[in-house]
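Worksheet for the structure shown next.
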Amino acid sequence: MKLKVIVRLSLKNLWVKKSRTIITTLGIVIGIGSIIFLVSLGYGLERLVTSQVTNFEAFTILDIPSANLKTLKIDQSVIDKTSALPHVQTVVPVDSIAGRLGRDGTGTSAETVVVAAGKDYWPMASISADKGSLPLADGQAMINRAALKLLGENEDQVIGQTMDLDLLIPAEIRSDNADSVKTVEKVPLKIVGVEKDEQSPIIYVPISLLNKNGADKFISLKLKADTKESIPELRKQLENLGLSTEYVGDTVDQISQVFVLFRIVLAIFGLIALLVAALGTFNTLTINLLERIREIGLFKALGMQNADIYKLFVTESFLIGAFGGFFGIILGLLMATAINALLAVFASKAGADTINLFVTPWTLELVVGLFSILVGLATGLYPAYRAIKINALDALKYE
Amino acid sequence: MEKEIIKIDGLFKEFISQDKSTKTEVLKGINVSINEGDFVVIYGPSGCGKSTLLNHIVGLETPTKGNVYLYEKNMNTLNAAQRAKVRSSKFGIVYQQSYWAKALNVVENVAVPLMIVGSGYKDSLFKAQAILGEVEMGQYAEKWPLQLSGGEQQRIGLARALVNNPSIIVADEPTGNLDTHSADYVMDLLQKLNKIYKRTVIMVTHNLAYLPLATKTIAMLDGRIVSEKKGELRAQLEGELKNLEKMI
């Protein structure tokens, strides 16, 4: 028999018992919809968390900290060596020391962290100016809100003002062989920008400020590679140079592993719903079989091959699985979109950034759709097997 | 010389009960020869093995012993799928009770044998519609079979048996459930198929009134053939009819 004819007959068989077919398919729709909805929640939460940790560009960036290095110190020669490696686009140094910030005449001062880095460092570290601009030239600085708060300064008026910074440069980043901390007092800096962090006080300055004052070693380097794919090889080469590396991808991988587990747990809840639906489908197909025993006998008497009878039943279960999968995916997407839209409304009312709590990758839709078809097919295999085992003459006498 | 199309040779059939405690011998050494164009009527009391014999001819049963040859091919050498193929291509089968695919309307039910042999859906329906017209049931094409009377259903059953243009029509008590008028229609049609369209008809009945229609009668009793005759009566009646025509 032609496959098109088999599909047509199967559709007719399903349609003749409309309410039964619709209710059975609805079970699959709910099961598949639940899986899509719950697993999308898992993906959405993962994306929310990982986007907090990093942005896409961060996957091409490696940190080379000096903290783990016993003998080697990071200085200009290390920058030169690492810059010469293939696939390396940029290498920027960064230092972080203690400092004291104050303003002449006000008498107030605040202990602060001084972050000094090359101009390429700021975008690589996702540090930006909320107001004003980044400290790109000598004599410039950017201050964060936490430091402003300690100083009692108004952020709208601070830009353009000059502040004095005392630098406490530790021996580890100097080459002058003196053991003690070198103090450089009252370095005047023009505040050009405000950074939004309100947690701990930080002032951001160009690395040249520390270089001029005797700091020629760095607490870490940030290295930008040309592509994400070149990172593993680059890490090996850096380790061969005696350097250790930290990569945001490692953290994201760890987060992803946790979320894979989370998604599996969510998917299991959905699968329970689908299992109940699959049992319903199996029941429906078995009832269909029992109601059609005479019909099977007739088809066999008319010369229909067992293979075609098998296909007829399996096609019915396939169609239930396919329709259930299709509409289930739509249901899951609708629910996810509705909640995302609702959150967007709340977020805009609260003046917050819009977040997508539900994210549905197309691969999830594809896999779940295929899975639905597979479940549908699986439920039809046994009734189809029973159908071909029926004796035509016994079936014709069946009451 | 008439061509032999069916030969049954020493056919025995034994049924074993489900618990395997009892054996029932239903056919006990049947030998039959059927020629192309024959109108064979097999008759006898209920339980004598008539329908079992028919089921062997169409390959729905396999013999315990003996052979059934169709166009010189031993049906015993064919597997179930091959026998199904023979059934779909050579035979048109009419049952006493009409069986239907409930999801299909009249014309679709009639088209099923065509679909089975690989015709497309629309082609099958087109041919089925034409054959429904032949049995004067064209107007019922879109109805559900179970909405129709027994006589109408049997006509549709006949249409389904004929739609594949089979060379052999097998009818198992085709008028058993019908009123006289419907039964006459069915029998007229079978006769027409036999006489005009040269189809071989094998009919099982317990209605002796149909014996004169046969070119061959087979009487069965207790699993055996007790009498096998050429249809002398039909020949005699046809002869008389011709004489009357001459006189007129």
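Every number here is computed from the coordinates shown, using simple stated rules; none is lab data. All values derive from a computational prediction rather than experimental measurement. Here the Cβ is made from the backbone with ideal geometry for all residues, glycine too, and neighbour counts use every protein chain on show.
Charged neighbours of A:L150, selected by a Cβ distance under 15 Å, balance to -4 (K, R count +1; D, E count -1). For the range A:264-399, the equivalent ellipsoid built from the Cα gyration tensor has semi-axes of 45, 12, 11 Å, listed from largest to smallest.
The spread of Cα positions in the range A:98-155, taken along each principal axis and listed from longest to shortest, comes to 35, 20, 17 Å. Quick one: net charge around A:P361, please, counting Lys, Arg +1 and Asp, Glu -1 for every other residue with C-beta under 12 Å from its C-beta. Net of charged neighbours comes to 0. In the range A:69-243, the DSSP beta bridges split such that about 75 percent are antiparallel, to the nearest 5. Shielding by partners for peptide B:54-60, expressed as the average number of C-beta atoms from other protein chains within 10 Å of each residue's C-beta, is 2. The local environment of A:V5, defined by Cβ-Cβ distances under 12 Å, has a net charge of +3 under the rule Lys, Arg +1 and Asp, Glu -1. Volume of the convex hull of the range A:69-243 (Cα atoms only), normalised per residue: 120 Å³. Remark on B:G44: its backbone amide H falls under 5 Å from those of B:T205, B:M220, a criterion applied only to residues 5 or more positions apart or on other chains, H modelled at 1.01 Å from N.
Please give the Cα centre distance for the range A:198-235 versus the range A:5-43, rounded to the nearest Å. Each part's Cα centre sits 56 Å from the other's. Note on the range A:334-399 and the range A:102-174: Cα centroid distance 55 Å, given to the nearest whole angstrom.
If a helix is a whole DSSP H run, which ones in chain A reach 27 Å or further along their own axis (Cα) and hold a mean Kyte-Doolittle hydropathy of at least 0.0? Sorted by number, the helices that extend far enough and score high enough are A:18-53, A:248-291, A:306-350, A:362-389. For A:T112, the residues whose modelled amide H falls within less than 5 Å of its own, excluding neighbours fewer than 5 places apart on the same chain, are A:G99, A:R100, A:L101.
For chain B, the orientation-averaged shadow of the C-alpha convex hull comes to 15.5 nm² (one quarter of the hull surface). Averaged over peptide A:298-311, the number of partner chain Cβ atoms lying within 10 Å of each residue's Cβ comes to 6. Counted over the range A:1-110 with a bin width of 10 Å, the fraction of Cα pairs per bin, in whole percents, is 9, 16, 15, 15, 12, 10, 9, 9, 3, 1.
In this structure, the pairs whose alpha-carbon distance is over 32 Å, taken from B:K28/B:K85; A:K300/B:K198; A:K12/B:K65; B:K3/B:K127; B:K192/B:K229; B:K50/B:K192, are A:K12/B:K65. The spread of Cα positions in the range A:229-332, taken along each principal axis and listed from longest to shortest, comes to 82, 29, 19 Å. Working ranking of peptides A:149-155, A:174-180, A:4-10, A:373-379 by packing, defined as the average number of other Cβ atoms within 10 Å per residue, highest first, is A:373-379, A:4-10, A:149-155, A:174-180.
Sequence neighbours fewer than 8 away in the same chain don't count; with that in mind, list the aspartates and glutamates whose C-alpha is under 16 Å from A:K186. List returned: A:D104, A:E111, A:D138, A:D164, A:D166.
Equivalent ellipsoid of the range A:351-399: semi-axes from √(5λ) of the C-alpha gyration tensor, largest first, are 49, 11, 5 Å. Residues whose amide H lies under 5 Å from that of B:D38, counting only those 5 or more places away or on a different chain, are B:V201; hydrogens are built 1.01 Å from N in the peptide plane. Pairs exceeding 32 Å between alpha-carbon atoms, taken from A:K2/A:K389; B:K13/B:K90; B:K20/B:K102; A:K131/A:K236: B:K20/B:K102; A:K131/A:K236. The Cα atoms of the protein assembly as shown define a convex hull whose projected area, averaged across directions, is 46.7 nm². Farthest toward the positive end of the dipole of the protein assembly as shown, out of B:P174, A:T82, A:T360, is the Cα of B:P174, where the dipole comes from beta carbon charges about the Cα centre. Estimated from helices alone, the mean residue ellipticity of chain A at 222 nm is -18500 deg cm²/dmol (sum of -39500 (n - 2.57) over DSSP H runs with n ≥ 4, per residue).
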